[in-house]
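This report refers to the structure that appears directly beneath it.
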Amino acid sequence: MDSQVKKHITLFMLTALLTSLFLFLRSDWDPMHAWNRAFADVSVLYLAAILIIGSLSKLNNKMKLFLNWRKELGIWTGLTAFTHVYIIFDGWIRWNFMMLFVVFNPFANSFDIHPGFAIGNLLGIVCLLYLLILLFTSNKKSIKFLGKEAWQYVQQRVHIYYILVALHTFYFLFLHVPHIPNVLRIPFLLLVVVVWFIHILGFINVVMVKKR
């Protein structure tokens, strides 16, 4: 069996396992929200894994063996992110795009624009567009079309995508209906710290190696 196929089978099984775990942690939630958040969580984990692998490869040459997993991880980051978006559009807002920016006001009996909610979802939209660019340029044809320097410029900006995703996730974990308990708040903060800590260590190691 082709090694790439094996990687996708492995990630499919891991995705099923992680999704089941996140659904269990939100077993008391409305099913639609539990499912869309579960796929979002898996997508964030895969994105973090891509960045961690890249940083660890700067610290230890043995970790470079895992660099060839980044392409498949990127694909599954996209698949789980798009599933998250599809569930929201089909199960919640019913393909009414404007519902991403308004909340129901029971006092006025109307839907009003909510600045925080609107910004949170706007960040999500920008994330989606950025992800599409990364996915559509993750192939050899794009390298030939864009040129190596332009292609590297696009692909190496994955940290911008990560920051946008982190901000989007932070809003919906901590600021949107904060009174509802969410066991994933602390793990998310720890993940952010780990990603940046390893990234800083990798940067320091690269600088030290070059100065030797």
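No value in this document is a laboratory result; all are computed from the given coordinates. In this text the structure is predicted, and so the values were computed from the model without any measurement. Using ideal geometry, Cβ is built from the backbone for each residue, glycine included, and neighbour counts are taken over all protein chains shown.
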Taking the stretch 52-84 and keeping only residues that are over 21 Å from L17 (Cα atoms) and of a type outside the set (A, V, I, L, M, F, W, C), one is left with G54, S55, S57, K58, N60, N61, K62, K64, N68
Apart from one, (1) out of contact with any Asp or Glu (no Cβ under 7 Å at 6 or more places or on another chain); (2) in contact (Cβ under 8 Å) with a residue 60 or more places away in the chain; (3) not hydrophobic (A, V, I, L, M, F, W, C) all hold for H33; the odd one out is (2)
If we keep only residues of the stretch 29-69 that are part of a helix (DSSP H, G or I) and out of contact with any helix residue (DSSP H, G or I) (no Cβ under 8 Å at 6 or more places or on another chain), then the residue nearest to I180 (Cα to Cα) is H33
Those residues of the stretch 118-174 which are among the small types (G, A, S) and touching a Gly at 6+ places or on another chain (Cβ under 8 Å) amount to S138
Here the residues within the stretch 101-154 that are touching a strand residue (DSSP E or B) at 6+ places or on another chain (Cβ under 7 Å), buried (at least 16 other Cβ atoms within 10 Å of the Cβ) and free of Cβ contacts under 8 Å to residues at least 24 places away in the same chain are F101, V102, H114
Residue hits (the stretch 79-95; surrounded by 11 or more Cβ atoms within 10 Å (Cβ to Cβ) and either of a type outside the set (F, W, Y) or not in a helix (DSSP H, G or I) (or both)) are L79, T80, A81, T83, H84, V85, I87, I88, D90, G91, W92, I93
Counting only residues that are surrounded by 17 or more Cβ atoms within 10 Å (Cβ to Cβ), within 27 Å of T19 (Cα to Cα) and not hydrophobic (A, V, I, L, M, F, W, C), the stretch 183-212 contains a total of 1
